1. Could you grab me the full set of residues in region 72-91 that are within 19 Å of LEU137 (Cβ to Cβ) and touching a Ser or Thr at 6+ places or on another chain (Cβ under 6 Å)?
2. Does ILE289 satisfy being under 30 Å from ILE136 (Cα atoms), crowded, with 19+ Cβ neighbours inside 10 Å and modelled with pLDDT of 80 or more?
3. Being out of contact with any Leu (no Cβ under 8 Å at 6 or more places or on another chain) and surrounded by 14 or more Cβ atoms within 10 Å (Cβ to Cβ) narrows it down to one residue among PHE103, PHE87; which is it?
4. Out of all the residues in region 254-279, which are surrounded by 13 or more Cβ atoms within 10 Å (Cβ to Cβ) and modelled with pLDDT of 80 or more?
5. Of the residues that make up region 59-68, is at least one modelled with pLDDT of 80 or more and of a type in the set (Ser, Thr, Tyr)?
6. Return the residue satisfying two criteria in turn: it lies in region 125-140 and is assigned to a helix (DSSP H, G or I) and among the polar types (S, T, N, Q), and of such residues it is nearest to TYR154 (Cα to Cα).
7. Taking the condition of a type outside the set (Lys, Arg), assigned to a helix (DSSP H, G or I) and modelled with pLDDT of 90 or more, does LEU50 pass?
8. For region 201-291, please list each of the helices (runs of 4 or more DSSP H) lying entirely inside it that holds at least 2 residues being closer than 30 Å to THR73 by Cα and free of Cβ contacts under 8 Å to residues at least 12 places away in the same chain.
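The values are calculated or read from the model by the stated rules, or taken from the named source; none is laboratory data. Keep in mind that what you see is a predicted model, and the values were worked out from it rather than measured. With ideal geometry, Cβ positions are generated from the backbone for all residues, glycine too; neighbour counts draw on all protein chains shown.
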Amino acid sequence: MKRALRHITLLGATLLMSLATAHAQRTARADYDFGNYLLGKGLMREASALTSSLGNDYTPEALDTMRYLRGWTLYHQRQFAPAAKAFAEVGESSTFYPKSALFGAVCHLESGSTEEALRRLNSFAQTPMAQPYREILDMQRGAIALIEGDRELYHHYQQSFTYTDNILRGEQRRLDEIAASQVRAPKKWVAGLASAVVPGLGQIYAGNVGEGVATFLMVGAFTALTVDSWNKAGTPANWRTIAYGSVASLLYIGNIFGSVASVKIYYQNFEKLNHEAVMYSIHIPLRAIFD
């Protein structure tokens with residue numbers, strides 16, 4: 001009798017656990033569907049409220065689903081740092097793990113942490129679930145290499161590009177163009193040397209054609225005035241020659257430093273535009289693949 005009672009008790013407990021698990025799964029599925037509905041309607045605040053506090057009534061699998069939904073909601077709100085944290089909490093056994101890993105890396109990049117983004121991608125690459133996403137994974141790692149200015153590492157990851165996937169092909173070519181533009185970027189020492197030889201040439205080399213022409217004309221004008229004053233006076237030791245020569249010298253020296261500064265400004269703008277282009281080339285294929 002006692003033995004039968006134990007069996008009945010055990011059976012009852014198992015049944016209750018099964019029912020609780022099924023209920024948690026149904027609840028998570030309903031919450032997930034409702035959260036996606038809210039996101040689709042642009043109701044970000046409501047979606048955020050749904051995922052802001054996750055209770056203990058979810059199974060581990062259901063909890064991973066809701067953690068992913070929280071990350072996805074924060075991503076849509078452009079709250080990248082907390083989104084990366086939420087995506088990182090999704091377990092490797094979840095069907096949402098690949099998307100969480102790849103979008104989590106993007107969120108780290110948007111937050112300015114290339115090191116964390118690369119660590120996240122490298123960790124994902126070690127799992128069996130990464131194999132179907134190998135090409136987009138290497139695209140992201142290659143993009144990080146471009147952001148850091150490491151063209152050699154970019155070309156290493158570029159070997160995985162097949163240029164056959166309609167979703168990826170256009171962005172792969174865009175990344176190739178960015179890598180090529182980094183090679184063509186002006187060098188500070190070249191700009192300085194060019195301006196030392198021909199005033200204004202360094203600015204033109206850095207892309208500031210108008211500034212370079214203006215510099216050439218000003219230096220040339222004061223140099224001509226200096227020579228003319230010297231010829232008329234027959235000696236450099238007169239106040240006009242000294243004044244014109246001093247201005248010409250200052251303009252000449254300033255033109256060399258100005259050309260180097262022009263290259264520095266060029267790089268600042270170049271890096272900003274490159275970063276935006278690289279991030280665009282990451283976001284677009286990811287959204288196309290997973291949406």
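1. PHE87, VAL90
2. Working: under 30 Å from ILE136 (Cα atoms): yes; crowded, with 19+ Cβ neighbours inside 10 Å: no; modelled with pLDDT of 80 or more: yes.
Answer is no for this residue.
3. On the way: PHE103 fails: out of contact with any Leu (no Cβ under 8 Å at 6 or more places or on another chain).
Result of the check over PHE103, PHE87: PHE87.
4. GLY254, ASN255, ILE256, VAL278, MET279
5. yes
6. Step one: filter region 125-140 for residues assigned to a helix (DSSP H, G or I), giving 125, 128-140.
With among the polar types (S, T, N, Q) added as a condition, the list becomes 131, 140.
On the way: GLN131: 20, GLN140: 10 Å.
Ranking the candidates gives GLN140 first.
7. Values: of a type outside the set (Lys, Arg): yes; assigned to a helix (DSSP H, G or I): yes; modelled with pLDDT of 90 or more: no.
For LEU50, the condition - of a type outside the set (Lys, Arg), assigned to a helix (DSSP H, G or I) and modelled with pLDDT of 90 or more - is not met.
8. Working: elements: 201-205, 209-233, 239-290.
The helices (runs of 4 or more DSSP H) meeting that bar are 239-290.
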